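For reference, the structure discussed in these notes is given below.
The values are calculated or read from the model by the stated rules, or taken from the named source; none is laboratory data. These figures come from a predicted structure and were not determined experimentally. Here the Cβ positions follow ideal geometry from the backbone for every residue, glycine too, while neighbour counts run over all protein chains shown. With ligands, DNA and RNA removed, areas are computed over all heavy atoms of the protein, side chains included. Shrake-Rupley method; radii C 1.70, N 1.55, O 1.52, S 1.80 Å.
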Amino acid sequence: MRDETLLKFPCDFPLKVMGRNNDDFRSIVIGTVEKHAGEIDMQRIEERPSRDGTYLGITITVTATSKAQLDAIYMELTSCERVLVSL
């Protein structure tokens with residue numbers, strides 16, 4: 001079975017992650033992504049707190065090199081108890 005994808009690698013790929021807006025959520029997400037994608041330029045990170053500030057949405061645009069790399073990032077993010085949603 002082939003790994004089929006419509007993406008052509010390498011490509012810029014936005015990872016969207018949501019969780020509770022606490023002291024370490026941001027560093028956990030960035031650390032997890034950097035583990036798989038290398039150092040991230042801070043200008044490629046966008047943050048959006050929820051209206052009441054309880055939750056934080058983080059979008060990190062990485063240069064994805066393969067479907068396997070993206071799968072590994074998503075697997076680790078979704079297994080983290082601090083991450084509520086990862087798109």
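Over all pairs of different C-alpha atoms in the chain, the reciprocal of the mean inverse distance, the Kirkwood hydrodynamic radius, equals 13.4 Å.
Think of each Lys and Arg Cβ as +1 and each Asp and Glu Cβ as -1; about the Cα centre, that makes the dipole of the stretch 1-67 roughly 220 debye. Take the Cβ atoms of GLN43 and GLU4, set R0 to 41 Å, and the FRET efficiency comes out at 0.80. Heavy-atom surface analysis with a 1.4 Å probe gives the chain a carbon and sulfur content of 51 percent of its accessible area.
Across the protein chains, with a 1.4 Å probe defining accessible surface, the residues GLU39, GLU46, GLU4 rank GLU39, GLU4, GLU46 from largest area downward.
Computed over protein heavy atoms with a 1.4 Å probe, the accessible surface of the chain works out to 68 Å² per residue. The relative contact order of the chain, computed from alpha carbon pairs under 8 Å that lie at least 6 residues apart in sequence, is 44 percent.
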